[in-house]
Structures are given as C-alpha cells and as structure tokens.
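Everything on this sheet refers to the single structure shown next.
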Amino acid sequence: MSDRVFRIAFSTLGCKLNFAETSSFQEHLPEGFEIVPFSTPADIYVINTCTVTEQADKKGRNMISKAYRTNSSARIVVTGCQSQMAAGKLIQLPGVALVLGNEEKFYLMEYLERLISSGTAEGINVGERSGISAFFPAVSYSGRTRCFVKIQDGCDHFCAYCIVPYARGKSRSASVADVLEMVKKAESRGVKEIVLTGVNIGDFGKGTGESLAGLLRRLLSETSVPRIRLGSVEPELLSCEIIRLVAEEIRLMPHFHIPLQSGCDRTLKAMKRKYGRELVSDLIHEIKNVVPGAFIGADIIAGFPGESNDDFNETLSFISSLELSALHVFPYSVRPGTEAAESESQVPHAVKEERKKKLIELSEKIKDTFFVQNTGLCRPVLVERMIAGERAQGFTDNYIPVVMEAGDSRIRNTIVKVRLTGNAGDGKMKGEIAE
Ligand code: SF4
C-alpha cells in the first residue's frame with residue numbers, strides 16, 4: 001500500500017445496529033487512512049445505509065450526492081440495507097465506485113485496500129440474501145459514556161410491511177462469550193452503560209441453547225458495567241423471566257421498548273404480527289406490577305394497508321388504555337418486495353398523515369403523564385454531556401432525558417442521583433442533583 005494517507009469520511013443512516021457497525025469499521029481501519037468529517041473533502045466516503053422506509057432510501061441518495069458535491073473526484077462506497085436491496089440503482093449514481101451488501105460490508109478493509117491500490121474493487125459486491133449467514137460483532141462508542149452492543153442480526157418473522165429480513169437475512173446472534181468480551185472491552189474504556197441491540201434481540205441464542213435472559217444473568221455476574229439497557233424486544237419474546245430480572249437487578253434499566261405497531265387485532269393479523277391485544281395488555285400489566293416506575297415505549301405504524309377508521313380508533317383507544325410512556329410513530333411506507341406492498345387497499349397519504357398526527361398528539365399526552373408521575377422522585381442519571389459548561393444532560397435509569405445545573409464538567413460520565421423537578425419542555429425533564 002502507498003505511503004500516501006487517504007482521507008476517509010463515514011456517514012451512518014438508520015438503526016443503532018448500523019451505528020455499531022460503522023463504529024467497528026472505523027475501529028478496524030488499517031494504517032494509511034485518516035478519518036475526516038463527512039462535510040469536508042475526503043478521498044473516500046463510506047455511507048452505511050438503511051432501507052426501512054422510502055424516506056430512508058431518499059436520505060441515502062442525498063448523502064451520496066452530498067459527498068459527490070463536496071469532492072467529485074472522491075470514491076463513494078455505499079454499504080448496508082439499501083445496498084442489499086437496490087445495488088443496481090446506487091451504482092449508477094455519480095461518484096459511486098463500490099456497493100457492498102450486508103455480508104460483504106464486513107470485508108470493507110480488504111475492498112478499500114484494493115480500491116486504493118489497484119482500483120480493482122469497483123462495482124457491485126452484493127451476495128444473495130439467502131447467503132447472509134455470518135454474524136459480525138460490533139460496538140458503537142458514541143461519546144464513550146454509553147455504547148450500543150450488537151448481539152443479534154437478521155430476522156425470520158417476515159412481517160407483511162417489513163423489508164429487514166430481505167435486507168439482513170436470517171436471524172443469528174453472537175455467543176454469550178462474544179458479548180461478554182465486547183462488554184468487558186467497553187467497560188475497560190470507561191463506558192458506564194451498554195445498550196443491547198440487534199434486529200430482533202428477543203431471538204438471541206435461537207438454535208444455540210442460549211437465551212436473552214441467560215445473557216443478562218451472565219452480564220450481571222461476569223461484568224461490572226453499571227447500567228445495562230435492553231433495545232427493542234418483540235412483545236411475544238419479552239418473557240416474564242426477563243421482566244422479573246429487571247425488577248430484581250438495579251443494573252438492569254427499567255426501560256422496555258416494544259414494537260407494538262397497532263392496537264387492532266384485525267390489523268395485527270394482516271401485518272402478520274405474532275401476538276394480539278390480549279398478550280400486549282397482559283405484558284404491560286405485568287411490567288407495571290413488577291417494575292412500577294418503568295418506561296415503556298412502543299412503535300406504532302399509522303396507515304397500514306386496509307386499516308379502516310374504526311381499526312385506527314381501536315388503536316387509539318387501546319393505546320390510551322395501556323400505561324405506556326411514549327410512542328414512536330411511523331407512517332406506513334411501501335417497501336417493494338414485501339407482502340403489504342402488493343395490497344390494493346393502500347391508505348391515502350393525507351389520511352396516513354392525519355393518523356400520524358393524532359398518534360403523535362397522544363404520545364405527547366402520555367409522555368406528559370409519565371413526567372408528572374416522576375416529578376419529585378429521585379432517579380440515577382448517567383451524565384452524558386455538558387451544555388454551555390454549566391448545565392449537564394443525561395438519561396435517568398427509566399429513560400427520561402434530564403437537564404440540570406451542574407457547575408463542574410467533571411461530572412460527565414458519572415452517575416448522579418437527581419431529583420426530577422418538572423417538565424423542561426422539548427421532551428425533557430428538569431432536575432437538581434440530590435447528592
Ligand atoms: S420482527 Fe417483523 S418488523 Fe421486526 S425486523 Fe422482523 S420482520 Fe421486521
């Protein structure tokens with residue numbers, strides 16, 4: 001390889017998994033590369049894409065043209081889910097030299113070295129979805145206080161609206177030993193919180209005899225990282241064993257994120273989801289009984305094909321009947337290749353937007369209620385950053401973003417007891433350091 005130093009810039013779109021994977025690409029960069037900000041001229045741009053919605057695809061194309069505008073002689077490398085699903089379109093975009101699929105992207109370093117030494121790695125390198133089988137561990141060290149640890153990849157569920165199984169392949173996971181190694185390394189770097197992430201982490205250990213609950217027990221007994229947070233877990237895979245473990249163990253964060261998607265059984269069935277309203281309401285009751293202060297977030301899709309006004313109103317009233325803490329609202333996005341994309345009963349855009357608006361309003365209301373319930377309480381906060389020197393920001397154990405007067409910037413990356421004093425607006429609470 002030449003003595004020249006190549007400027008390389010990275011951009012990541014989509015989920016925590018993508019951020020963990022980009023972080024691992026940067027961690028394994030060979031000699032001769034210098035990472036520069038994406039907004040500055042670079043010799044190579046690497047864009048790790050997402051394709052979960054039409055919007056995500058658009059963002060991917062925008063990032064490519066932004067890189068090309070910044071340096072039209074650079075070589076652009078596109079990786080990730082959009083590459084896996086639309087390589088032929090991406091390779092035609094100006095500046096794109098290399099398109100890598102979701103398996104090939106883990107050999108990025110080899111491709112980069114060939115790209116800069118002989119230029120022979122150009123073109124499309126995307127394998128069949130059926131061929132995506134290997135598991136590549138990854139950890140994202142964002143700001144060194146909290147990091148996303150990739151424990152699982154792929155999915156076997158094939159929900160009617162979802163492109164992920166087509167883009168990321170079948171469900172597979174790290175071994176408990178691999179995860180322990182990743183977490184111990186993060187701990188040695190001073191990380192105070194790990195977030196267990198994947199496509200379908202409830203499937204962790206599928207076919208290997210290991211399990212998510214088993215992993216949590218080993219992390220508790222064999223590491224001393226102060227905070228362990230679960231990423232999103234499918235409702236039917238969130239076991240009572242895991243909920244009780246969270247209740248018993250102070251290092252397991254009282255925070256659950258559930259991809260609920262709809263509150264109407266007819267719509268859930270059409271989505272090919274593996275549960276109904278009864279399972280979900282029992283689950284939420286169990287959580288609230290066993291872990292009373294827990295934050296329970298839920299994903300909801302607005303305007304799934306065939307969703308009638310009555311179905312939607314059922315969703316609204318079901319959500320209002322549950323003790324949720326906040327919603328992530330997604331307008332249904334047609335994904336070519338999925339079952340729902342073929343449906344004749346697509347919901348008009350204006351109706352979808354109207355339903356999205358109503359769900360967001362409902363989410364604001366339930367979040368305000370959750371903030372009121374926590375006002376006056378003391379919760380441990382991991383201080384992640386200082387704002388304008390005097391103020392600090394971080395998350396409580398039950399996932400409330402908090403701003404507080406701090407005075408001393410050495411407080412960053414420490415866990416402090418904070419009395420929550422009220423709603424600070426902008427989705428945050430105000431707090432004062434209790435000790
Ligand atoms: S569980 Fe369903 S929605 Fe989630 S990744 Fe798998 S197919 Fe997609």
Give the long-range amide H neighbours of ALA406: residues separated by 5 or more places, or on another chain, with amide H under 5 Å away, using H modelled in the peptide plane at 1.01 Å from N. ARG391, ALA392
How high is the FRET efficiency from SER39 to PHE158, r the C-beta distance, R0 41 Å, rounded to 0.05? 0.60
Note: the range 122-161 at 10 °C, 1.306 mPa s; Kirkwood Rh on alpha carbon pairs; Stokes-Einstein D in µm²/s works out to 118
When the Debye formula is applied to the Cα atoms of the range 378-433, each taken as the same point scatterer, what base-10 log of I(q)/I(0) results at q = 0.16, 0.22, 0.24, 0.29 Å⁻¹? -0.36, -0.70, -0.84, -1.23
Whichever lysines have a C-alpha closer than 28 Å to that of LYS66, once near sequence neighbours (fewer than 8 apart) are set aside: LYS16, LYS58, LYS89, LYS105
Can you tell me how much longer the chain between GLU181 and THR414 gets when fully stretched, taken as 0.36 nm per residue apart minus their C-alpha distance, in nm with one decimal? 81.6 nm
From the gyration tensor of the Cα coordinates in the range 138-373, what semi-axes in whole Å does the equivalent ellipsoid have, largest first, with each one equal to sqrt(5λ)? 31, 21, 16
Enumerate the whole-percent occupancy of each 10 Å bin, from 0 to the last occupied one, for all C-alpha pair distances of the range 292-431. 11, 33, 24, 18, 12, 2
Kirkwood hydrodynamic radius of the chain from all distinct Cα pairs, in Å? 23.0
A student asked for the Cα radius of gyration and Dmax of the range 1-71 in angstrom ought to give 13.0, 42
Inverse of <1/r> over all distinct C-alpha pairs of the range 213-262, i.e. the Kirkwood Rh in Å, gives 11.5
Kirkwood Rh for the range 289-336 from C-alpha pairs, in Å, is 12.4
Estimated vicinal HN-Hα couplings, Hz - the range 418-430 in sequence order (Karplus 6.51, -1.76, 1.60; Gly, Pro = x): 10, 8, 7, 10, x, 7, 8, x, 6, x, 10, 10, 8
Show MET386, MET182, MET271 ordered by accessible area, largest first, where the area counts protein heavy atoms only and the probe is 1.4 Å. MET386, MET182, MET271
Report the relative contact order of the range 138-373, percent, no decimals, based on alpha-carbon pairs under 8 angstrom and at least 6 residues apart. 17
quick shape note, the range 1-132: Cα extents on principal axes in Å, largest first -> 40, 31, 27
Given the Cα-Cα distance of ASN313 and SER281 and 0.36 nm per residue of separation, how much length would full extension add, in nm? 9.8 nm
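The values are calculated or read from the model by the stated rules, or taken from the named source; none is laboratory data. This is a predicted model, so every value here is computed, not measured. Heads up, the Cβs are rebuilt from the backbone with ideal geometry, glycines too, and the neighbour counts pull from every protein chain shown. Side chains are part of the model used for accessible areas, which takes the heavy atoms of the whole protein and leaves out ligands, DNA and RNA. Shrake-Rupley method; radii C 1.70, N 1.55, O 1.52, S 1.80 Å.
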